[in-house]
Amino acid sequence: MNEVLLIKEIQAGNKAAFSELVSAYRNKVLNTCNRFLIDKQDAEDASQEVFIEVFRSFHSFRSESKLSTWIYRIAVTKSLDALKKRKRKHFWRSVSTSLHIFDIVGNYSNFESADQPLIQKEQMNEIKKALDKLPENQRIAFTLSKIDGFGNSEIADIMNTTKIAVESLLFRAKRRIGEELKKILINSD
């Protein structure tokens, strides 16, 4: 079923059409939630909340954006709500892992000692602090870009902002993270 017909069927109350929508987006929404929430169970809970919200709000969907963009916007919002509830304590571990920070640190820091795991743990804590210093909008844009792989136009739709604003957010986030990582790497030598 094409998207336009699917939307019309769901808005007309067709439960089978809504099931088709859930089947089509379930994995994508779950992956998006998981990238923000890290924890599989939390991601599953958030993705269920996403589809509950989609079901409740579908009557207000106006096709001003793509259906997928609207659903991802809800997924990001629900994920951020869940993060706020648990104080984001696990979020940066996932970002660090997804960005292969240990590999980056290892490439720049040629440690040949038994203390290497301890040193890496200390560096990871510093990296988490650097990432945590980003303002929320920069963190969202950075996560959607570098972890979820969205393009700037898609991020703009998801964040309900302009492409230029997203480019600015990403530029500032990269610059700030880069500056913090340089400080960490210089101090570790």
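The values are calculated or read from the model by the stated rules, or taken from the named source; none is laboratory data. Predicted, not measured: the structure shown is a model, and the values here were computed from it. Glycine gets a Cβ as well: all are built from the backbone with ideal geometry, and neighbour counts include every protein chain shown. Areas reflect the complete protein model, heavy atoms only, side chains present, ligands, DNA and RNA absent. Shrake-Rupley method; radii C 1.70, N 1.55, O 1.52, S 1.80 Å.
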Screening S153, S145, S168 for residues that are touching a Gly at 6+ places or on another chain (Cβ under 9 Å), at pLDDT 80 or above, open to solvent by less than 70 Å² (accessible area, probe 1.4 Å) and not β-branched (V, I, T) leaves only S145
Filter the range 53-67 for residues that are over 20 Å from the mean Cα position of the chain (by Cα) and either open to solvent by 80 Å² or more (accessible area, probe 1.4 Å) or in contact (Cβ under 8 Å) with a residue 40 or more places away in the chain (or both); which is farthest from D148 (Cα to Cα)?
H59
What pairs can you find where one residue is in the range 23-36 and over 14 Å from G149 (Cβ atoms), the other is buried (at least 21 other Cβ atoms within 10 Å of the Cβ) and β-branched (V, I, T), and their Cβ atoms are less than 6 Å apart, with a gap of 6+ or different chains?
Y25/I71; V29/V50
Scan the range 25-41 residue by residue and report those that are crowded, with 16+ Cβ neighbours inside 10 Å and either β-branched (V, I, T) or more than 14 Å from the chain's Cα centre (by Cα) (or both).
Y25, V29, T32, I38
Number of positions in the range 156-165 that are open to solvent by 50 Å² or more (accessible area, probe 1.4 Å) and either modelled with pLDDT under 85 or not hydroxyl-bearing (S, T, Y) (or both)
4
For residues that are part of a loop (DSSP other than H, G, I, E, B) and open to solvent by 60 Å² or more (accessible area, probe 1.4 Å), scanning just the range 1-16, find the one that is farthest from I140 (Cα to Cα).
A12
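Per-residue answers, yes or no, for (1) more than 13 Å from the chain's Cα centre (by Cα); (2) modelled with pLDDT of 55 or more; (3) open to solvent by less than 50 Å² (accessible area, probe 1.4 Å):
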position: S79; (1), (2), (3): no, yes, yes
position: S96; (1), (2), (3): no, no, yes
position: P117; (1), (2), (3): yes, yes, no
position: D132; (1), (2), (3): yes, yes, no
Return the residues of the range 17-74 that are part of a loop (DSSP other than H, G, I, E, B) and either touching a helix residue (DSSP H, G or I) at 6+ places or on another chain (Cβ under 7 Å) or among the acidic types (D, E) (or both); say none if nothing qualifies.
I38, D39, F61, S63, E64, S65
